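Each remark here refers to the structure printed beneath this line.
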Amino acid sequence: MDASQPDPAVFSHIRVVMGMVISLSLARLLSGVALFVQHPGKTKVYWIHLGWVLFMFIFLVHFWWWEYHLHSLAVIDVSVYLFVILYCCVFFFLCVLLFPTSLDEYSGYEHYFMSRRAWFFGFLALAFAVDIVDTALKGRAYFQSFGIEYPLRNAAYIALCTVAAVTPNRRFHAVFLIGAILYQLAWMYRAFDLLD
């Protein structure tokens, strides 16, 4: 095998472990949403909370799609492996924050989400910061293929997450959520429509 090409078995191994963590994240989201169907009226639903559930679902599916580009790394060592697994763990933690094991101390999802917004948006900002490193790992050409929009996008998300972490303003949260979902979908289709 050519030394400049990574061993496909290594990439497959990493994808399996990543897949387990991402699957747990998706399962947490889907199980949480299923509770609303199983027990309607048991807890107060909050549309902004559900919107971030949708955003995380899109983000997770998108993450799994773009991580395919790890196959192009010439060397995948234990530091890359640990980095990618920890990145996946950030996603899992975000999903657990959206659906805690109990809401006993809260009047509903609005009360819960707004009281835990600093944690959620802090980890979401972290995910966008880590994404920059993840994209850089795949090489300069890959990073530059997204143009100036990519670093500006991530910087804007990090800044908006910082504001969302500290403000209880429902109007800001609604606008941020709707803009984030629409932009994430547009970005996904423009930047990652086909795997090459």
What list of ³J(HN,Hα) couplings, whole Hz, do you get for the stretch 150-165 from phi and the Karplus terms 6.51, -1.76, 1.60, once you set θ to phi - 60° and write x for glycine and proline?
-> 4, x, 5, 4, 5, 4, 5, 4, 4, 5, 5, 5, 5, 5, 4, 5
Heavy-atom accessible surface of the stretch 58-196: percent carbon and sulfur, 1.4 Å | 69 percent
Order by protection proxy (mean Cβ within 10 Å, highest first), peptides 24-36, 109-121 = 109-121, 24-36
Averaged per residue, the 1.4 Å probe accessible area of the chain, protein heavy atoms only, in Å², is roughly 52 Å²
By accessible area (1.4 Å), largest first, D131, D77 order as D77, D131
What is the helix-to-structure angle for 47-66, meaning the angle in degrees between its Cα long axis and the longest Cα principal axis of the chain, kept from 0 to 90 and rounded to the nearest 10?
-> 10 degrees
C-alpha long axis of helix 117-137 to longest principal axis of the chain, angle in ° | 10 degrees
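The values are calculated or read from the model by the stated rules, or taken from the named source; none is laboratory data. On a predicted model such as this, the values are computed, not experimentally measured, just so you know. Here Cβ is always computed from backbone atoms with ideal geometry, including for glycine, and neighbour counts include all displayed protein chains. SASA here: full protein model, heavy atoms, side chains in, ligands and nucleic acids out. Shrake-Rupley method; radii C 1.70, N 1.55, O 1.52, S 1.80 Å.
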